[in-house]
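Bear in mind these aren't lab numbers, they're just calculated from the coordinates by the rules spelled out. In this text, all values refer to a predicted model and were calculated from it rather than measured experimentally. As a convention, Cβ positions derive from the backbone with ideal geometry for all residues, glycine included, and neighbour counts pool all protein chains shown.
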Amino acid sequence: MDPSAFFTSSAVHIVAGKGGVGKTTLTAGLGLAAASLGLDVLLVEIEGRGGLPGLFGRNRLHYREETLAQGVRARSLSAEEALVEYLADHGFGPLARRMIDTGLVEVVSRGAPGMKDILLLGKIKQLERAGAADVILVDAPASGHAVTFLRSPRGLLDAVASGPINSQAREVLELLTDAARCQVLLVTTAEETPINELVETAFSLEDEIGLHLGPVLVNGVLPDRHLPADVRRAAKRAGVVLDVGVRRALETASAYVRRRVDAQQSQLSRLDELLPLTRLTVAQRPTAGLAHAHLPALADELLAAIRAA
Ligand SMILES: Nc1ncnc2c1ncn2[C@@H]1O[C@H](COP(=O)(O)OP(=O)(O)OP(=O)(O)O)[C@@H](O)[C@H]1O
Ligand SMILES: [Mg+2]
């Protein structure tokens, strides 16, 4: 797949998946990858969760956008600020500020499920309509919440028959269900529970909401490179003398890695059977957490995976 075509096939890419599978990390990596192709990228964080700013050496993001790297801008959306902006654009600025200060937004959104979500999605739709960037990458909430989040316009359409909420929900739904404007990139690790959740989320998003699913990103895949099972013989061949303690430790490590690689491979086969989507794999890094310094290599790996897909 041509990477530029991949990134521009939809204006908005929503990166979603189970908690902790690497959504934020891959959103950052994809952003840098798209920017390296000369595309103008906007990263969107929802309600200040997750470590997106940290991956670019920042403490936090704000509602107003800022530049994180060449070609990469980012902003953190909140429902309150989206509402203030919406009302100000419609001539109710001072009133909106008072609504926030008195906690009225909280009351309204608690009373009408999906209100906060529609404010956030409405803002994303507005950014897309305004051509805010060539590529808008949204770091979505974890899967259970992502399904609720993306289902909100349908729920509100059923609940509210007319008026601004109805038209906002309708316009958001038009964005979500138009493959040329929006696609979901689901992220998983090669493990049983995340894959089960991924498959369930995929069917919910596609069948119930009508979202278009892009390739699945499988993160943390161990290289299919086994340590030798017969450590003694391998050491002999290499002309290395191992004492018993080291040899045993290597044998244990070798067996452990082989078991994990095999388990991941069988989960990947299961994923192939359950979900007929293109797969992009990202290798597990031998580090406790990815930081800013790891991003360029991650972006290159993603580009290579897209090219090979
Ligand atoms: N390929 C990888 N190799 C090594 N570590 C990784 C890899 N991908 C992600 N990580 C690490 O795994 C942890 C979880 O990643 P991340 O925060 O991106 O997940 P998430 O899906 O956004 O989590 P949450 O659901 O909490 O928002 C982080 O510490 C991150 O640095
Ligand atoms: Mg995250």
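Specify, per residue and in Å³, the volume enclosed by the convex hull of the alpha carbon atoms belonging to the stretch 160-309.
Once divided by residue count, the hull of the stretch 160-309 is 176 Å³.
On C-alpha positions alone, give me the angle between the axis of helix 295-308 and the longest principal axis of the chain, in degrees, nearest 10.
Tilt of helix 295-308: around 90 degrees.
Applying the Karplus parametrisation 6.51 cos²θ - 1.76 cosθ + 1.60 with θ = phi - 60° to the phi angles of the stretch 227-242, what ³J(HN,Hα) value in whole Hz is obtained for each residue in order, glycine and proline being reported as x?
After applying 6.51 cos²θ - 1.76 cosθ + 1.60, I find 6, x, 6, 9, 5, 4, 5, 4, 5, 4, 4, 7, x, 10, 9, 10 Hz.
With +1 on the Cβ of every Lys and Arg and -1 on the Cβ of every Asp and Glu, and nothing else charged, how large is the dipole of the chain about its Cα centre, in debye rounded to the nearest 20?
Dipole magnitude for the chain comes out near 1180 debye.
Would you mind telling me which residue in A190, A235, A161 has the biggest mean-square fluctuation in a Gaussian network model of the chain, where springs connect alpha carbons within a distance under 10 angstrom?
Judging by the Gaussian network model, the answer is A235.
Would you order L175, L150 from fewest to most other beta-carbon atoms within 10 Å of each residue's own beta-carbon?
With the fewest neighbours first, L175, L150 line up as L175, L150.
Considering only the chain, what is the antiparallel percent among its DSSP beta bridges, to the nearest 5?
Here the share of antiparallel DSSP bridges comes out near 10 percent.
Which angle from 0 to 90°, rounded to the nearest 10, does the C-alpha axis of helix 143-159 make with the longest principal axis of the chain?
20 degrees
Beyond 25 Å, what share of the Cα-Cα pairs of the stretch 35-144 is found? Please give it as a whole percent.
26 percent
Given the options T278, T287, T102, state which has the largest fluctuation in a GNM of the chain using a 10 Å cut-off (strictly under) for Cα springs.
Looking only at T278, T287, T102, the biggest GNM fluctuation is shown by T287.
Loop-only check: which chymotrypsin sites (Phe, Trp or Tyr not before Pro) in the stretch 20-111 are DSSP coil with at most 15 other Cβ within 10 angstrom?
Y63, F92
Under 13 Å from the Cβ of S167, count the other residues' Cβ atoms, weight Lys and Arg +1, Asp and Glu -1, and hand me the total.
Charge balance near S167 sits at 0.
On a 0 to 90° scale, report how tilted helix 192-203 is relative to the longest principal axis of the chain, with both axes built from alpha carbons and the result rounded to the nearest 10.
40 degrees
Report the residue, chosen from D40, D89, D207, that carries the largest GNM mean-square fluctuation when the chain is represented by alpha-carbon nodes joined by springs under 10 Å.
Fluctuation is largest for D89.
Sort the stretch 211-294 into rounded, prolate or oblate with this rule: let a ≥ b ≥ c be the square roots of the eigenvalues of the Cα gyration tensor; rounded if a/c is under 1.5, and if a/c is not under 1.5, prolate when a/b is larger than b/c, oblate otherwise.
prolate
Cα atoms only, the chain: Rg and Dmax in Å?
According to the Cα coordinates of the chain, Rg and Dmax are 22.5, 80 Å.
If you average the C-alpha positions of the stretch 276-309 and of the stretch 37-57 separately, how far apart do those two centres end up, in angstrom?
Cα centres, the stretch 276-309 to the stretch 37-57: 16 Å.
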